[in-house]
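Notes follow once the structure below has been shown.
Since every read-out is calculated from the coordinates, none of them should be taken as a lab result. Note that this is a predicted model, so its numbers are computed, not measured. No Cβ is skipped: glycine too gets one built from the backbone with ideal geometry, and neighbour counts run over all protein chains shown.
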Amino acid sequence: MISESESGGLGPVFVFDSAPGRVSFIMLARSFTAGIKSPILRSLFYVPAGLTVFLFKVVGLRWWLLPFGSREKEPCSQMWDDLLNPTLIPLTTPRLYFYSMSDLLVSGETVEEHVEEAREVGVMTILTKRDDQAAHVSHLRVDPVGYWAAVRKLWAIQ
C-alpha cells in the first residue's frame with residue numbers, strides 16, 4: 001500500500017489487477033477448479049459449471065431468483081457496467097489496469113475491452129501495464145518493483 005506521505009494525500013484512484021472479467025463457462029470452471037490437481041476430478045466440475053452458464057446466459061434465468069441479489073444482470077456484468085457509470089465513479093478518477101494475456105481466469109482481451117469502453121465513455125486518465133508472465137492477480141508477486149512504479153505513476157498524474 002502506498003502511504004499518505006508517498007501519495008501526497010491525493011484523491012482516489014482505481015487500480016485493477018486482472019479485472020474486470022466476464023462470466024463464461026471457462027472462467028467458472030477454471031476459478032472453481034484451480035486447486036484441483038487431478039484432471040479427472042477437475043472435469044467433474046464442468047457439468048455443473050456448464051449447466052450454470054446455460055441457465056443464466058441461454059435460458060435467461062434471472063439472478064434475482066437467487067437469495068443473494070435482486071439485480072437483472074449477473075454480478076460480473078453489473079460490475080462491468082457500474083465501473084463505466086460516471087454517476088458512480090467520476091470520469092476524472094484515474095485508473096490503472098494490470099493484466100496478462102496468460103491469465104487463465106480473466107483474459108487480457110477482456111481487460112483491454114474494458115479499457116477501450118472506459119475511454120469511450122470519457123475516463124480521462126487510463127494507464128495499463130501488461131505483463132504476460134503474470135498469472136491471475138499475481139502482478140505484484142511477479143514484478144513488485146514494476147507494480148509499485150506503475151501505482152506511483154498513477155498517483156503522480158493527479
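See the values below:
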item	result
Pair-distance profile P(r), taking every C-alpha pair of the stretch 69-154, with 5 angstrom steps and integer %	3, 13, 21, 21, 20, 15, 5, 2, 0
Ranking of Tyr147, Tyr97, Tyr46 by count of other Cβ atoms within 10 Å, fewest first	Tyr46, Tyr147, Tyr97
Fewest-first ranking of Thr125, Thr52, Thr87, using other Cβ atoms within 10 Å as the exposure measure	Thr87, Thr125, Thr52
Burial ordering of Trp148, Trp80, fewest other beta-carbon atoms within 10 Å first	Trp148, Trp80
